[in-house]
Structures are given as C-alpha cells and as structure tokens.
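The values are calculated or read from the model by the stated rules, or taken from the named source; none is laboratory data. Please read all numbers here as calculations on a predicted model, not as lab measurements. Because the Cβ atoms are built from the backbone with ideal geometry, glycine has one as well, and the counts that use them run over all protein chains shown.
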Amino acid sequence: MTVELRAALEARLSSLFGGKVQVERFALLAGGASMEAWAVDAQTPSGPMPLLLRRGAGGRIYRDALSLAQEHRVLEAAWKAGVKVPRPRGYLGELLGREAYVMDRLQGETVGRRLVQRPEFAAARAVLPGQMAQELARIHAIDPAPLEFLPGTGASSPVLRGLEGLTAQLASLEEPHPSLELGLLHLRRHLPSDGPRVVCHGDFRVGNFMVGAEGLSGVLDWEFAHLGDPREDLAWPMVRAWRFRADPLRLGGIAQPQEFIDRYAALTGRSVTLAELRLFELLGNVRWAVGALTQARRHLSGEERSVELAVLGRLAAEIEHEVLFLLEEGGG
Amino acid sequence: MQNRPTAAELAEAVRSFLEEEIGPGLQDARLRFRALVAANALSILGRDLLLGEELLREEVDVLSGLLGVPGDAPSLNEELCRRIRRGDPPAGTLSALRRIAELKLRIASPRYLEGRR
C-alpha cells in the first residue's frame, strides 16, 4: 500500500513540478479515520524539498469541516495574504482513491504542552502574543470573495448561526447536559448578535502553531475555516483546555491576554473589551465541550474506535465545570 | 459472590500493567501516549466502580431538591434541560450544577478538581 502510494505520489509530483521527482523519505506522521499526514522528502528538479502530504483516510470528515480541495484554496489565499502558513504546493486530486494535497513541511514544535512548559521555549513564549495578534489580523483581512464555499456565507448573523449549530449538535448527542444548556441560555441572552464578518481560522490556538526559537513560524490546521465574528478567533486561544495546565496565563498558557488584544486592536482598528471576550470564551468552552462529547460519539458509533476519543466523553466534565465557573464569574 | 479481586481491583491491576510494564517499553511515541490514555480510562473505571452509585444518589438528591419532583438521574436531568431551554431555570440551578460537576469530576478527573479548588 505504502509502495503504491509512494509511486502514485512521485508521478503526481513530477507533473506538478515539471520534471522527475523522487521521493526519498515517506513516513506516516499521523493517521485518523478522516485524515492522514505524511512526511515526504522529495528530490525535485529545483532541489530537495521537505513536504507534508495531507490525504483523506476514507472516514467521514467532521460536519462543517472543509474538504481538502477547499482547505488547499484557503491555504493559498492565506499564503497570498501574507499569513505565516506552510506554503501550499498543489492540490493533487485523488491519490489512490482519496483526495490529497502537498505543502511545505515546516520545522519546529507544535505540541502545546511542551510549548507551554519547556524552558527552551521561554523566548518564543515572550514573542508569541504579539505574533499571534499579527497573524490573526492578517487572517481576518483575507478577501473572502474567492472563498465562496466557506460556511457562514448565509444571511444570518455568524454568532446566532453558531449558537443554533451548537444547540442542534447538543440535541443530537441524546444525553442531557444541563450545564451546557445553561451556558447556551446565557449566550443567547447576552452575546452581541451583530459584528463584522471575516474569514476566521476556526481553531486558532497553541497546539495548532508551528513554533521555533523565534516564535511562530506557521499557522496550521485550517479545516475549520469559516466566515464568522473575529471575536470567536480572539477568544478561542483563551479557552482553558488550550492553556495546557498553565491555567493562570489565560492566553494559551503563555501570557495574559492584554498584549494580544491591544496589538490586534492597533493593527485592525477593532478594539475588543475583556468583558466581550469573556462571553466569547464562554462560547468557546461550550463549543469545545460539545466537540469533545461528539468525538466520544465517533468511538461509540464505531466510526472511529479509539480509547482517546472514548475518554474524551468523560473528560468533557472538566469543560462543563469550566462553563459553570465562567457563568458564575459573569453573574449567571 | 465472585472471588476477589473485586471489579475495581481488577481494573487497577490492568491499569498498573499498562502504565508500568507496557507503556515504558513502547518505542512508538503515539502508541505510548495511547497506553497512558488507556491506563487513565481504567482509573476512571475503577473510581466509577467504587464511587459511582453513591455519587449518582447524591446527584439525584440535588436535582430532585432543585426541581421539587422525584425521579431518576436521566429523567431529572432531562427535565432540568427542558426548563433551561424554555428560559426558566429554577432558582439555585447554577450552584446545583456546580455541585454535580464536582461529583462527576471526582470520578472523571479528581486531579483537575484538586487544581481548581
């Protein structure tokens, strides 16, 4: 299988780069039911090139996640807009029956726990908040016109659309979660329903960044890109689960959020109050709780048998606890 | 009645086997991580076997006190969800739910609960 895939990839890369391409290393980095990632060291007419191949794995992709063809187009738009991303190198169509694309393979660290805890990333942590603001400002300035497939293009407000989606997803679990219902009720009553509509990354947080000694070198994992309220992306990296146990540092376990917010405001002219962010942080926690419970359902339904996914169903109690904590802080 | 080990003792035996004997010998980092996750799943199972019934009774007490009606845990939780969706949560809902969240965490993630106290 790997041999056939490698041969198919060599043929496709050869036409992509306009000359004979030889694949020298070909290793599976991650594989789930819906997606594979392969490290590919390619010898191309213009020299050696470290590439990353993203390929479907046959399983159902998450509702609301982009197809690989769409993800590649978003990556191209981000690259053109000057966002730090792995350079997209080409959509390959179907590779042995499943769609795939290639992009540059960046070097560095992505694992959130290490970035937050290890001393060798102290310098990177110091510059990350400003860099995150810079990249988010660039992402939110991407022209959405050529990305007509992005979810959220309908007429309704992106915030209301998000709440409706979460309500439906929660109902589909067929398990009562009063704490999450209480969170949704609070959000329906207090969330500002109007706001600008921009290209949102959808999963902008520590853990989805490539980080080197100089800090952020690439924003990864674009499959949840959509049109939405910029405050969704601003608050998502503050969700407690993405602080990797460095809880007091509310921005991703690396800093307090003020510098990030101020820098974003200076770059975009959009100032956001911490109170507003708290509401969007609550929204983020409800979203992640529903997401974790949904992941456990992937295991329970047999769609993707995995002890990791199974345990998420129980660990979602941590996020429910956080939702209630934020509600209490916000005066119920 | 079954011979010992009890169900919880069996879960603990498999947990320590995974964590202490299998995990450290695994070369593949992703597999090693999943072995730890599996060991954690068995810890949850062990606590559920020991504490589950007692904590569930406590949850039922909290919920029937809040709603003023008797019932089992699923039906009381459903009823509370209905009230909240109607925009009409009973007074005291937030603190009752916080107490229940702590009960759940005593099984699912006691270390997280300790960190938050």
message: I'd like the residue in segment A:15-51 that is polar (S, T, N, Q) and crowded, with 17+ Cβ neighbours inside 10 Å and, out of all such residues, is farthest from A:Gln295 (Cα to Cα).
response: A:Thr44
- prompt: Does segment B:65-74 contain any residue that is under 18 Å from B:Ala8 (Cα atoms) and either part of a loop (DSSP other than H, G, I, E, B) or touching a Gly at 6+ places or on another chain (Cβ under 9 Å) (or both)?
  reply: no
Number of positions in segment A:162-210 that are assigned to a strand (DSSP E or B) and either in contact with a Pro (Cβ under 8 Å, 6 or more places away or on another chain) or surrounded by fewer than 23 Cβ atoms within 10 Å (Cβ to Cβ) (or both): 4
- prompt: Among the listed residues A:Phe244, A:Phe224, which satisfies the condition of being within 14 Å of chain B (Cβ to nearest Cβ), of a type in the set (Phe, Trp, Tyr) and out of contact with any strand residue (DSSP E or B) (no Cβ under 7 Å at 6 or more places or on another chain)?
  reply: A:Phe244
- prompt: Quick one: in segment A:105-158, which of the residues that are acidic (Asp, Glu) and over 18 Å from A:Phe224 (Cα atoms) is surrounded by the fewest Cβ atoms within 10 Å (Cβ to Cβ)?
  reply: A:Glu120
query: Condition test on A:Gly202, is it under 24 Å from A:Ile261 (Cα atoms), out of contact with any Ser or Thr (no Cβ under 8 Å at 6 or more places or on another chain), free of Cβ contacts under 8 Å to residues at least 40 places away in the same chain and in the same structural domain as A:Glu259 (by TED's automatic domain parsing)?
result: yes
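I need a count of the residues in segment A:214-248 that are touching a residue at least 12 places away in the same chain (Cβ under 8 Å) and outside any helix (DSSP H, G or I).
Total meeting the criteria: 20.
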- request: Among the residues of segment B:42-91, write down those that are within 17 Å of the chain's Cα centre (by Cα) and of a type in the set (Gly, Ala, Ser).
  value: B:Ser43, B:Gly46, B:Gly52, B:Ala73
task: Hey, can you tell me all the residues within segment A:64-91 that are within 15 Å of A:Leu52 (Cβ to Cβ), aliphatic (A, V, I, L, M) and assigned to a helix (DSSP H, G or I)?
output: A:Leu68, A:Leu75
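Taking A:Leu160, is it over 15 Å from A:Ala133 (Cα atoms) and free of Cβ contacts under 8 Å to residues at least 12 places away in the same chain? Talk me through it step by step, then tell me what you get.
On the way: over 15 Å from A:Ala133 (Cα atoms): yes; free of Cβ contacts under 8 Å to residues at least 12 places away in the same chain: no.
So A:Leu160 fails the test.
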- request: Identify the residue in segment B:1-28 that is polar (S, T, N, Q) and not in a helix (DSSP H, G or I) and, among all such residues, is farthest from the chain's Cα centre (by Cα).
  value: B:Gln27
Of residues in segment B:73-100 being facing chain A (nearest Cβ under 7 Å) and of a type in the set (S, T, N, Q), the one surrounded by the most Cβ atoms within 10 Å (Cβ to Cβ): B:Thr93
- request: Return yes when A:Ala124 is part of a helix (DSSP H, G or I), of a type in the set (A, V, I, L, M) and in contact (Cβ under 8 Å) with a residue 12 or more places away in the chain and no when it is not.
  value: yes
statement: Exactly one of B:Leu113, B:Leu56, B:Leu103 is in a helix (DSSP H, G or I), more than 8 Å from chain A (Cβ to nearest Cβ) and touching an Asp or Glu at 6+ places or on another chain (Cβ under 8 Å), and that one is B:Leu103
task: Quick one: B:Leu67 ticks every box in (1) farther than 30 Å from B:Gly23 by Cβ; (2) at the interface with another protein chain (Cβ under 10 Å from one of its Cβ atoms) except a single one, so which number is it?
output: (2)
query: Looking at segment B:78-94, is at least one residue basic (Lys, Arg) and in a loop (DSSP other than H, G, I, E, B)?
result: yes
- request: All but one of (1) within 24 Å of A:Leu51 (Cα to Cα); (2) at pLDDT 95 or above; (3) not in a loop (DSSP other than H, G, I, E, B) hold for A:Leu106, so report the exception by its number.
  value: (3)
task: With respect to A:Leu267, determine if the residue is of a type outside the set (D, E, K, R), in a helix (DSSP H, G or I) and either within 30 Å of B:Leu42 (Cβ to Cβ) or within 14 Å of another protein chain (Cβ to nearest Cβ) (or both).
output: no
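Here is a yes/no grid of residues against (1) part of a loop (DSSP other than H, G, I, E, B); (2) under 14 Å from A:Ala241 (Cα atoms); (3) modelled with pLDDT of 95 or more:
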site	(1), (2), (3)
A:Ala275	no, no, no
A:Val286	no, yes, yes
A:Gly302	yes, no, no
A:Arg305	yes, no, no
A:Glu308	no, no, no
A:Leu315	no, yes, yes
A:Leu327	no, no, yes
- prompt: Restricting attention to segment A:300-332, which residues are free of Cβ contacts under 8 Å to residues at least 12 places away in the same chain, surrounded by fewer than 14 Cβ atoms within 10 Å (Cβ to Cβ) and at the interface with chain B (Cβ under 7 Å from one of its Cβ atoms)?
  reply: A:Glu328
